[in-house]
Amino acid sequence: MTLKKVQCALAAVVFMLIHSGVRADEAITLHRRSDGPVAAYQRVELEVGLDRHYANPFDPDEIAVDAQIVSPAGKAISLPAFWGKNYPATFPEAGKQAAFKPDSPSFRVRFCPTSAGRWKISVTAKDQTGARSSSPIEIDVAPSASRGFIRLSSVNHQYLQFDSGAAYFPVGLNIAWPDGKNPAQYVGWFKSFSENGGNFARVWMCHPPVMIESERSGLGKYDLANAGYFDDLLELAEQNGIDLMLTFNNHRELLNRDMWGPAGWPTSPYNAANGGPATRPVDFFTDEVARKFFKQRLRYFIARYSSFTNMMCWELFNEQELARIHNLPDSWVAEMADYLHANDPYNHLVSTSSDVPESVWKLDGMSISQGHIYGDGEVVDLVTPIVAAVKRHAQFDKPYLLAEFGISYKGPDTQYDPHNTATSLHNSLWAATMSGACGTAAYWWWDNYIGPNNLWPVYQGISKFAASVDWAKRHFSPIELPPPTRAGNKPETFSDLVLPSAGRWGKADSVPINIAPSGQASAALPHYYYGPDKQELRTATTLYVELKKAGDMTLHINTVSDHATLHINVDDNSIADFTFDAQPGGADQESTKMTEEPPQVYQAVFNKDRTVPLAAGKHKIVIDNYAGDWVTVDRITFANAKSSKSADLNALALQDASAGETLVWLFDGTSNWQTDRDGLPHREIDSVSLSIPIARAGDFEASWWDTRTGSIIRRDQVQARDGMLLLITPKFSRDVAVRITAR
């Protein structure tokens, strides 16, 4: 640049400053967008005035505006500003949003003072010419009774709490997007959910038409109307006492199509075909430019949404494993989680989902481990896989949340629950709670099952029970109880024990399955037994069972893909090989057909039993598929394995021995969606003996809870004797819960 050009440029700057009426150090301004008193944990929004315009105000390399905030105690934090604009309220019928005032886009700072006292705020704008700062302003903040942000428990690593120290137990549901693109539905959903005890919802930011970064906005630019939609949604949830997990990405964004139809990769702004940096979907994770653009989006989310105290958790990715990208390195999750923790001044929880490598859950940046559990419409028992998942995730020493579940991944529970009894939903809520998860299981089909069938009251019982427990201050561990027994002196007899399959598609746990005389299994019985053609999923299943009398073990075979040989080993001896052929003309088939999707194979329905004789005594049984693709086993029946003294009830129990508190959920294993669908009656259960191991002597109170209404049925005063509490149940049907506390 010539000297003359430099002189002209300087003259232009001087002219602008003189005629703007401000000095150079006052070219950046800061003021509150609304007046009135401010209390601790109440959001404050300020507007930044700049004297320059920028082609892309979302790009921090072009213009980065950050607030420097100093607390009354002298602690300094940094918070990015966001580029925003007012839009009409998304939920005007909610009645509490501020009146709409049109304005022009500008940089805004949205912060949350976490204590009473005088706070100081200034902003710095940095562009290619350098950095400029505003004069500071001060805000006086009054005390408040707010519980604050949600954190990991300060006492244990299993549960959550608020800044105030009060326990936070998520009673949750996915309410990921409005049905039919009608956001007003959220008003009714949140209201109904809150009125019935719900306090947590998982919401997707990655679902059209409200994606913030999309083909329409362009890469690295954000849709301000959609960004405002999530402001309003967080406010609406806040009004209803509901905390949100915000999910950033979904695997369908990286697919061309899937079982639901055309997917998002062809229109993704990251796709090189649309001008993005990624020539392949995997480049979204591995390309340096793509990662930089995603961190830019994270910066915007922090600036805009981190000040909401009801923003419970950032979720990086929904079901990243279904993006069909093999050997995806952990480095992307680690990098993005670390970025959030380093730049979010309120340090919100961070997670992802769902069948990710164990190494992901071990990352320091992962605050919560998650799972998604679905049946295929054939599995009756979801309780056992839920319990197994909680047990499996205990190794990570972090809160575990079952963030999605349903009877089938293919569609809502409606077809399995024509009478709207919601038994599968009810059982799953209690199973997660009573096996050590940090909250209830979060059901998926909210808009076409729970909402239209008004099943919100299902949450009343579990929410009231959960509210009675100080989870954040307890060191609960699962304990095994002796099988509940029937009262009376009748001679002991034995009957068949039926163990339904409870596993889903995917590699089964390799842990042995112990079968109690009541029929309760210590882990999920697999539904699929994979052969060498799916070696990566293949796992032998080991069962331990005791027979008081000799009897048969009967396996009910349902479907076979291609061919299979089911091998049975009893007490380390090969006993039987059951061979099945799905090719047309195979023996014992009911029907067979070729699959539509490649690799095309025949799959046949057999619906046949295969039997192995067992002697009386204890047995170790190993079941494995030695050939072909896979075979499904619907149930295994053990003759003469169920004692008449057994109450035929299952129990899940948590205990904090040091606090003298034990929680027990006692449930009838035959109370499931299938028996309800078929109209079978439920047993009336009364005066069952329940023994609770207790490490301390003394007096205890046992409060018996109706699991559906959340009311206390009866209170018993009991005393521990010889390390055991003996309880007698009240009359109930299906299930009952008891909370035992030291007096």
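Brief remarks follow.
- Residue count for the range 458-489, restricted to those that are assigned to a loop (DSSP other than H, G, I, E, B) and either loosely packed, with under 15 Cβ neighbours inside 10 Å or modelled with pLDDT under 95 (or both): 10
- Taking the listed residues Ser359, Ser353, Ser369, the one that is over 15 Å from Trp444 (Cβ atoms) and crowded, with 23+ Cβ neighbours inside 10 Å is Ser369, with no other qualifying.
- Sole residue being basic (Lys, Arg) and either open to solvent by less than 20 Å² (accessible area, probe 1.4 Å) or closer than 29 Å to Asp61 by Cβ (or both), chosen from Arg280, Arg257: Arg280
- Against the criterion of being charged (D, E, K, R), over 34 Å from the mean Cα position of the chain (by Cα), closer than 29 Å to Ala184 by Cβ and open to solvent by 60 Å² or more (accessible area, probe 1.4 Å), Lys120 does not qualify.
- Candidate set: the range 662-716, residues that are in contact with a Phe, Trp or Tyr (Cβ under 8 Å, 6 or more places away or on another chain), over 30 Å from Leu497 (Cβ atoms) and not acidic (Asp, Glu); chosen: the one surrounded by the most Cβ atoms within 10 Å (Cβ to Cβ): Gly710
- Selection of the range 494-523 for residues being open to solvent by 70 Å² or more (accessible area, probe 1.4 Å) and either at pLDDT 85 or above or not in a loop (DSSP other than H, G, I, E, B) (or both) yields Asp496, Val498, Lys507, Val511, Asn514.
- Enumeration of residues in the range 123-160 that are touching a Phe, Trp or Tyr at 6+ places or on another chain (Cβ under 6 Å), within 26 Å of Ser477 (Cβ to Cβ) and either assigned to a loop (DSSP other than H, G, I, E, B) or among the polar types (S, T, N, Q) (or both): Ser153, Tyr159
- Conditions (1) out of contact with any helix residue (DSSP H, G or I) (no Cβ under 6 Å at 6 or more places or on another chain); (2) closer than 21 Å to Ile740 by Cβ: number failed by Asn420: (2)
- Yes/no for Trp189 being more than 22 Å from Tyr400 (Cβ to Cβ), among the aromatic types (Phe, Trp, Tyr) and assigned to a loop (DSSP other than H, G, I, E, B): no
- Those residues of the range 396-411 which are open to solvent by 30 Å² or more (accessible area, probe 1.4 Å) and either within 20 Å of Asp676 (Cβ to Cβ) or not basic (Lys, Arg) (or both), in sequence order: Asp397, Tyr409, Lys410
- Within the range 564-663, strands (runs of 3 or more DSSP E) holding 2 or more residues that are over 28 Å from Gly506 (Cβ atoms): 602-614, 617-643, 650-656
- A single entry from Tyr416, Tyr449, Tyr443 fulfils the requirement of being closer than 26 Å to Asp706 by Cβ, touching a Lys or Arg at 6+ places or on another chain (Cβ under 7 Å) and of a type in the set (Phe, Trp, Tyr): Tyr416.
- Counting only residues that are open to solvent by 10 Å² or more (accessible area, probe 1.4 Å), under 22 Å from the mean Cα position of the chain (by Cα) and touching a residue at least 24 places away in the same chain (Cβ under 8 Å), the range 209-230 holds 1 of them.
The values are calculated or read from the model by the stated rules, or taken from the named source; none is laboratory data. These numbers were taken from a predicted model, which means no experiment stands behind them. Because the Cβ atoms are built from the backbone with ideal geometry, glycine has one as well, and the counts that use them run over all protein chains shown. For the accessible areas, the whole protein counts, side chains as well, though only heavy atoms, and no ligand, DNA or RNA atoms are used. Shrake-Rupley method; radii C 1.70, N 1.55, O 1.52, S 1.80 Å.
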